[in-house]
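Single-structure report; data block below.
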There are 2 protein chains.
Amino acid sequence: MPSSFHPPVRTLMGPGPSDVNPRILEALSRPTIGHLDPEFIRLMDEIKALLQYAFKTNNELTLPVSAPGSAGMEAVFVNLLERGDKAIVCQNGAFGGRMKENVERCGATPVMVMDEWGTAVDLDKVEQALKSNPDAKMLAFVHAETSTGVLSDAQRLAALGHQYGVLVVVDAVTSLGGVPLEVDAWGIDAIYSGSQKCLSCIPGLSPVSFSSRAVEVIRSRTSKVQSWFLDMNLIMDYWGGSTRRSYHHTAPINPLYGLHEALVCLQEEGLPQVWQRHAMQHKAFAAGIEAMGLKLIVDPLSRLPQLNAVGVPEGFDEAVVRATLLSQYDLEIGAGLGSLAGKIWRVGLMGYGASQKNVLVCLGALESVLVEQGLSLDRGAAVQAANEIYRGA
Amino acid sequence: MPSSFHPPVRTLMGPGPSDVNPRILEALSRPTIGHLDPEFIRLMDEIKALLQYAFKTNNELTLPVSAPGSAGMEAVFVNLLERGDKAIVCQNGAFGGRMKENVERCGATPVMVMDEWGTAVDLDKVEQALKSNPDAKMLAFVHAETSTGVLSDAQRLAALGHQYGVLVVVDAVTSLGGVPLEVDAWGIDAIYSGSQKCLSCIPGLSPVSFSSRAVEVIRSRTSKVQSWFLDMNLIMDYWGGSTRRSYHHTAPINPLYGLHEALVCLQEEGLPQVWQRHAMQHKAFAAGIEAMGLKLIVDPLSRLPQLNAVGVPEGFDEAVVRATLLSQYDLEIGAGLGSLAGKIWRVGLMGYGASQKNVLVCLGALESVLVEQGLSLDRGAAVQAANEIYRGA
C-alpha cells in the first residue's frame, strides 16, 4: 500500500525540468481558489501581462496553455493549419521532427529543411525552400534545440519568412528566458514555450503567443480546429480581455500560481540581466569543461548558453557516468538523443539553475566521477578555470 | 509591476475545483525531480496502482493525462474514433454536448440520445438508439453530470452497450471518488476523470483507463491519432510497464506529487468509506436545504451526493447571493449552466470538502444571506436539521 512520496533533493542540470526556485515551490502550495473567482481573473490578467513582457510582445492572444510544451506545440499547429495546407519545417534535432508529426496529423504537408543534428538551421536552405514552395502557408523552426544545444538565428529566419509572406512559427521551449528573443520586433506570428526550462517553474504549462495576423488566420478557418481542448477560438473567450469570460476548461490553478511567481522573478531581475547571467554562467562552465580536456560539440557561434552539449570522452560509458552523478551527487544531467545518443551529455544551466553554485557542483562532480572511471586529467583545473571567469566577470 | 500573488482562503463548494486537502497542497511544494529519474518512475508506478484501485480496475492502460479533464475526454475520443465512425452520445447536460463536439472533430458522426437537463439518461432511448444503429462503434455517456447534479445508471448503461457490442465510454469527471464506480465489474471500456473534483487534488490532471478491448482498437487503427500529445500509442510507451520508458512529453512532476497524495488519502480511507461519507454529508445538507424551504431539483433516485442542484427561490437574483457568499463568507458555490442558468445553484460536497464543517458553513451562510435578501424562513432550522442527521448517523 503506497504511502506519501518524498522525493530526493536533486540538482537538476539536464535538459529540463531545471532547478525550481523555492519561491515557486512555495507558491504552488497556496490555497486553491476557483477558476472563475474574481481574484483568479486578476491572476490571469497579470500572467498575461507578465508573459507579454517575457516574450517582448503586445500580442493580445498571449497565455499559458494548460498542458506541457508538447501541447503548446500542438496548439500552434492545429490552430493555424487546415487539411491540404503546406508548411515548411526545419529539422536540426528531435523537436523539428515532432513539428513534422504535428503538421502531418493536421492533414497538412510538411516540406522538410534538414540540417545535421548539432548544427543551426541553414538560412540558404530555408530561402530555397521558400522560393520553391510559393504555396507554403508557414515556416516553422526551433529557436533553441533542446536535443542538441543549438541556437538558430530566429531573427533572420523570421525575416526570411516574412519576405516570402508565410506565417512564422517558433519553438521557444528552451529559449524563452535564456537567450534574447523578441516576438514583436522579429515579427514572429506564433510561438510556444515550456514552463520547466529557463522560467524555472515546474513542468506542465506552455506559454504561447499569436500575432494579430495569426489570430486572423485562426478566426477565418474554414474547418473547426481538430482539438476542442486546444481550440484558440474558444480559449480566447476564456483568457480574453473581455469582462465576461466564458468557461472553457478548468484552469490548473496552483501551477498557474507557480508560473506567475516565476514570471514575477523574471521581471524583477529583468530580461537583459537574465540573458547576461545565462551567458556568463555558460562561459564559466565552458571554461571548466575545456580545462578538463572535454569538448562542447556545438560551434561557438550557435551554442546555447542554457544547454551545453558536452562530448563524451572516447571509451567512456555515458550512462554509467550519469548514473553515478545521480546516485553519488544527486545531480541530474541529460543523455544525448537520436544520432547523438551515447555521444554527448546535455548539461542545462537554465533559469534559477544558471548559477555559480550549479556550475561548480557540476564541474566538481563530473571531474571526480571521470577520474574515478579512469580519465586522466588535471585535478582541480575545471573549477579553477570557472573561478577565473567569475573573478574576471 | 505585478508582485507575488496571495490568494484569499476560500471554502470551495462549487462544481470544482473542490477544497484541496492540505496534505496535497504540501505535497505540491516538494522538490521537483526529473521525469526520467528512477524515483519518478517509482512514483508513476504507484500512481498507476492507486488509480487502478480508485477505478476498481486491473486495466494496464491506467494513468493520468497531463492536462485537465477536457483533455482526458478528448484523449478517449481521438484514440478510439476514426473518420467515418459512428458514436452514440447521451446528452442530459453540458458535458454530453462537449462529447458531441469531440466526436465531430474526430470526423465521426454522433447519434444523439437527448434527455432533459436535470434528468438521468433514459435507458430505453439508449437501447432504441443501439438497435437503430447497428454500425455504431461506441456508446458514450456522463456518469455524474456536473452541470445538473444528476447521476445516471452507469452499470446498466454499460451492460446495454455490451449487449449491442459497442465500446462503452464513461465521463467520470465528477463521479470518481464520490459515488460507487466499478470499471471492470461494469465492463467500461474507456473512462476519464478529473483531479479537482472528488479526489480533492488541484485541477490540471485527468485520470483515464482503457480496457484491453479498447487498447486493441487503438493499436489496430488505420489512421494516426489526430493528436500527437494525446496519442495513447505513444503514451503507453512512457507510462507502460516495460523497464525501458521512451520519452514522450515532460510529465507535470509536482502536480503528480499532489495526485499521488490524493490517491494515498483515498486508499487510506477506503472507497466504501469515502462513498458512505459523501452520501451522509449529502443527506445532512439536503435536510438543511429542505428545512430552509428550498428544493433540490433532481429526483432523489438520481441525485448526486457530491453535487447538489439547489433551486433558486422565486424572485431572487442568484448571482447576487453567490457574490455575497463569496465576499462576506469566502464561500464559493456554483451557478447553473445552459437551460438551468439563473434557476439553480450548484453546491459541491466533493472529496475533502464532503465534510460536516463545509455543510454547516454553507447552510449557515446561505440562510443568513437569503434572510438578508428578504426570504422569510425559520432561522436556525437548516443547521438544526443537518445536526439531527449527524446525531442519527
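Things worth noting here:
- Placed amide H near B:Gln91: partners under 5 Å, 5+ positions off or other chain: B:Val113, B:Met114, B:Asp115
- Placing unit charges on the Cβ atoms of the charged side chains and taking the dipole of the protein assembly as shown about its Cα centre, the candidate lying farthest along the positive direction among A:Trp275, A:Pro255, B:Asn58 is B:Asn58.
- To the nearest ten degrees, helix A:154-163 and the longest principal axis of the Cα atoms of chain A are 30 degrees apart.
- In terms of overall dimensions, the range A:271-392 has a Cα radius of gyration and Dmax of 13.5, 42 angstrom.
- Lysines with Cα under 20 Å of B:Lys125, excluding same-chain neighbours fewer than 8 positions away: B:Lys86, B:Lys100, B:Lys137
- Reach of A:Lys295 by Cα under 22 Å, taken over lysines that are not fewer than 8 positions away in the same chain: A:Lys283, A:Lys343, A:Lys357
- The HN-Hα couplings worked out from phi for the range B:203-208 by the Karplus form 6.51 cos²θ - 1.76 cosθ + 1.60 (θ = phi - 60°) are x, x, 10, 10, x, 9 Hz, whole numbers, x standing for Gly and Pro.
- Just checking the listed ones, B:Val371, B:Val78, B:Val173: in the Gaussian network model of chain B with Cα springs under 10 Å, the one fluctuating most is B:Val371.
- Given +1 at the Cβ of Lys and Arg, -1 at the Cβ of Asp and Glu and no other charges, the dipole of the range A:212-287 around its Cα centre is 280 debye to the nearest 20.
- The 3J(HN,Hα) values that the Karplus relation (6.51, -1.76, 1.60; θ = phi - 60°) gives for the range B:269-274 are, in residue order, 6, x, 4, x, 5, 5 Hz. Gly and Pro appear as x.
- Fewest-first sequence of A:Asp171, B:Asp85 by Cβ atoms within 10 Å of each Cβ: B:Asp85, A:Asp171
- With neighbour counts taken as other beta-carbon atoms within 10 Å, the residues B:Asp37, A:Asp378 rank, fewest first, as A:Asp378, B:Asp37.
- Rg and Dmax [Cα atoms of the range B:186-308; Å; Rg one decimal, Dmax integer]: 19.4, 61
- Positive minus negative residues near B:Gln91 (Lys, Arg vs Asp, Glu; Cβ under 14 Å): -4
- Of the three principal axes defined by the Cα atoms of the range A:21-268, the extents in descending order read 54, 38, 28 Å.
- Likely footprinting exposure, A:Thr148, B:Thr32, fewest C-beta neighbours within 10 Å first: B:Thr32, A:Thr148
- Counting from the shortest, the label point at B:Lys125, 7 Å from Cα toward Cβ, is 5.7 nm from the same position in each remaining copy.
- Taking a Cβ cut-off of under 14 Å around B:Ser302, the surrounding Lys, Arg, Asp and Glu residues balance to a net charge of -4, with basic ones at +1 and acidic ones at -1.
- Computed per residue of the protein assembly as shown from DSSP H runs no shorter than four, each worth -39500 (n - 2.57), the mean residue ellipticity at 222 nm is -13500 deg cm²/dmol.
- Dipole of chain A, positive direction: furthest Cα of A:Ser339, A:Pro207, A:Ile235, with charges on the beta-carbon: A:Ile235
- Base-10 log of normalised Debye intensity for the range B:323-393 (one unit scatterer per alpha-carbon) at q = 0.17, 0.18, 0.22, 0.23 Å⁻¹: -0.73, -0.82, -1.13, -1.18
- Estimated inter-spin distance, B:Ser368 and A:Ala49, nm [label 7 Å along Cα→Cβ]: 3.4 nm
- Whether the protein assembly as shown is rounded, prolate or oblate, judged on the alpha carbon gyration tensor where a/c under 1.5 counts as rounded: prolate
- Amide proton proximity set for A:Lys86, modelled H, under 5 Å, gap of 5+: A:Thr109, A:Lys137
- Cα-Cα separations in the range A:126-263 greater than 20 Å, expressed as whole percent: 55 percent
- Distances between equivalent label points of A:Ser376 across the copies, with each point positioned 7 Å along Cα→Cβ, amount to 10.2 nm, shortest listed first.
- Nitroxide proxy distance, nm - points 7 Å out along Cα→Cβ at B:Arg23 and B:Glu314: 4.8 nm
- Selection of chymotrypsin sites (Phe, Trp or Tyr not before Pro), the range B:257-320, meeting DSSP coil and at most 16 other Cβ within 10 Å: B:Phe316
- For A:Ser246, label point 7 Å along C-beta direction: distances to other copies, nm: 4.0
Each reported figure results from applying straightforward, stated rules to the coordinates on display, with no laboratory input. Quick caveat, the model's predicted, so the values are computed rather than measured. For neighbour counting, all protein chains shown are included, and Cβ atoms are generated from backbone atoms with ideal geometry for every residue, glycine included.
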